[in-house]
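Single-structure report; data block below.
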Amino acid sequence: MEEIVGHVLAGIARGAVAIGEIAVDATKVIVRGTIGVVRVIGEALAEELVELALETIEGREKRKQRRFARHVEKLKGHDWFKVIYENIKCRGIIHTDKRYLHLLSKRRYVQKLARNENERKQFIQRIRIEAKVDDVIWDIQQD
């Protein structure tokens, strides 16, 4: 009888070990599946964040372009800027050089140009040099 009980207990132990191994395998599968799902979600989230960042940058650039155009229109009200802007080479520099896009999209810089004669002279000199223009009358007085 003891022998039978021993065999039964040994069978139960082997069954428990087998069930434990199955549980470990199932846990591995669950963990791998979870990791796979997390990886896919992470990649999708990363793509969304990159797209959002790019859209934000594009939106910022569009706003900068609108401010630039608005400030150029405002500056055209000043005789000194009108003379520069009427010159095709100077206008090309203003519209194609990123430095001028950056500068003229800044409200404070545009105000400084309108009010400060020294700043205006420096601006005119930079445009004149970069556009390689000498045939424009540059010494226009303040409006």
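Taken together, the values in this text are just the output of simple stated rules run on the coordinates, not laboratory data. What you see is a predicted model, and the numbers here were worked out from it, not measured in a lab. Heads up, the Cβs are rebuilt from the backbone with ideal geometry, glycines too, and the neighbour counts pull from every protein chain shown.
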Backbone N within segment 103-128 under 20 Å of label point (7 Å from Lys74 Cα along the Cβ vector): 103-124
Convex hull of the chain built on C-alpha atoms - directionally averaged projected area, nm²: 14.3 nm²
On Cα atoms only, tilt of 117-131 relative to the major axis of the chain in degrees: 80 degrees
Dipole-positive endmost among Thr56, Ala131, Leu101 within the chain (Cβ charges, Cα centre): Ala131
For the chain, calculated [θ]222 nm from helices alone, where every DSSP H run of n ≥ 4 adds -39500 (n - 2.57): -29500 deg cm²/dmol
Burial order of peptide ranges 80-90, 58-68 (average beta-carbon count within 10 Å, highest first): 80-90, 58-68
Whichever lysines have a C-alpha closer than 20 Å to that of Lys76, once near sequence neighbours (fewer than 8 apart) are set aside: Lys64, Lys89, Lys98, Lys106, Lys112, Lys121
Linear extension gain, His7 paired with Arg115, 0.36 nm per residue minus alpha-carbon span: 28.6 nm
Nitroxide proxy distance, nm - points 7 Å out along Cα→Cβ at Arg107 and Arg126: 2.1 nm
